[in-house]
Amino acid sequence: MQTIFIELYDHIKQIEIMEEQLEQVISMPRIGDAAPEFKAVTTQGDINFPADYEGSWVILFSHPADFTPVCTSEFMTFATMEEKFNKANCKLVGLSIDGLYSHIAWLRTIKEKIEYKGMKDVEVNFPLIEDITMNVAKKYGMIQPNEDTTKAVRAVFFIDPKGIIRTIIYYPLSLGRNFDELYRVIIALKAADEFGVATPADWYPGDDVIIGPAGSCGTAKDRMEDGDIDCKDWFFCTKKLDKDTVLDKVLKK
Ligand code: BEZ
């Protein structure tokens, strides 16, 4: 009889865990969705997200934990590049499932003690959200239970000035992000919006851009004959877009 109760208890516990995991997965936002709203305490004061960021691009990113080496290398890199992102009208907001005092102590330690790859005395001036309740992490699908149930994965959400999620990238706990790629994504998203084009594999400003597929046979034929457009075939056409023209539009003066 006792064994039956133990088995039943285990079974119920298992169902509870599965329900919790399902809830976390269901609330994963997707590209094109409005960024889920939240209010939070950060190392730079309270924020109301995304309302406080209207008119700017934002990179909302999570990291597994304070006082960990990969995260430290990432924060030093991101903080060092912050001005570059700001020039692209892009603000940075970090998050981990740690409390405010832990965040503050970690960021002070980074500034006072850590020297890495020529970076030292690094001050992190962008807000780092305290999310001890996992409220925000759950809303954004940053907890991926088969990777870790209490640490956020390295998620990166690119949110446009209207509060729409435009790109999402996830990395596991062990893999530090490539911050040049994150910068490239912001520039490419802005260039695509400004010039009504798409950007091919490994695109950087100055490389040719893709013009959308022709919607009719007539357009396809015109394109093939347009001297400014280079069509490899009717469905794959590129055109020149010089670097200065792109950067003039996407970077603040
Ligand atoms: C790190 O940032 O070093 C780290 C965090 C969690 C798991 C593995 C590495």
- Query: Which whole-Hz ³J(HN,Hα) couplings does segment 180-196 yield from phi under the Karplus relation 6.51 cos²θ - 1.76 cosθ + 1.60, θ = phi - 60°, glycine and proline marked x?
  - Reply: 5, 5, 4, 5, 4, 4, 4, 5, 5, 4, 5, 5, 4, 5, 5, 10, x
- Query: If you stretched the chain out fully between D208 and I229, how much longer would it get, using 0.36 nm times the residue separation minus the C-alpha to C-alpha distance?
  - Reply: 6.6 nm
- Query: Roughly how many debye, to the nearest 20, is the charge dipole of the chain about its Cα centre, given +1 on each Lys and Arg Cβ, -1 on each Asp and Glu Cβ, and no other charges?
  - Reply: 480
- For the chain, longest principal axis from Cα atoms; helix 100-113 axis from its Cα atoms; angle between them, nearest 10 degrees, is 70
- Filter the cross-link list K84/K151; K91/K139; K39/K117; K39/K113; K87/K243 down to pairs whose alpha-carbon distance in this structure exceeds 25 Å. K84/K151; K39/K117; K39/K113
- Message: In Å, what Kirkwood hydrodynamic radius results for segment 26-177 from the alpha-carbon pair distances?
- Response: 15.5
- Theoretical FRET efficiency, 1/(1+(r/R0)^6), r = Cβ-Cβ of D180 and T109, R0 30 Å, to 0.05: 0.70
- Item | Using a Förster distance of 35 Å, the FRET efficiency for M119-L251 (Cβ separation, nearest 0.05) | 0.90
- Task: Run the dipole for segment 196-250 about the Cα centre, Lys and Arg Cβ at +1, Asp and Glu Cβ at -1, nothing else charged, and hand back the magnitude in debye, nearest 20.
- Result: 160
- Message: Could you tell me the relative contact order of segment 26-177? Use alpha-carbon pairs under 8 Å, at least six residues apart, and round to a whole percent.
- Response: 35
- Contour minus Cα-Cα span, K87 to F236, at 0.36 nm per residue, comes to 50.4 nm
- Task: Report, in deg cm²/dmol and to the nearest 500, the calculated mean residue ellipticity at 222 nm for the chain, where each DSSP H run with n ≥ 4 adds -39500 (n - 2.57) and the sum is divided by the residue count.
- Result: -12500 deg cm²/dmol
- So how far apart, in nm, are the two label points at K162 and A34 if each is 7 Å from Cα heading toward Cβ? 1.2
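Laboratory data are not the source of any read-out in this text; all were calculated from the coordinates shown. In this text the structure is predicted, and so the values were computed from the model without any measurement. Cβ sites come from the backbone with ideal geometry, for glycine too, and all protein chains shown count toward neighbours.
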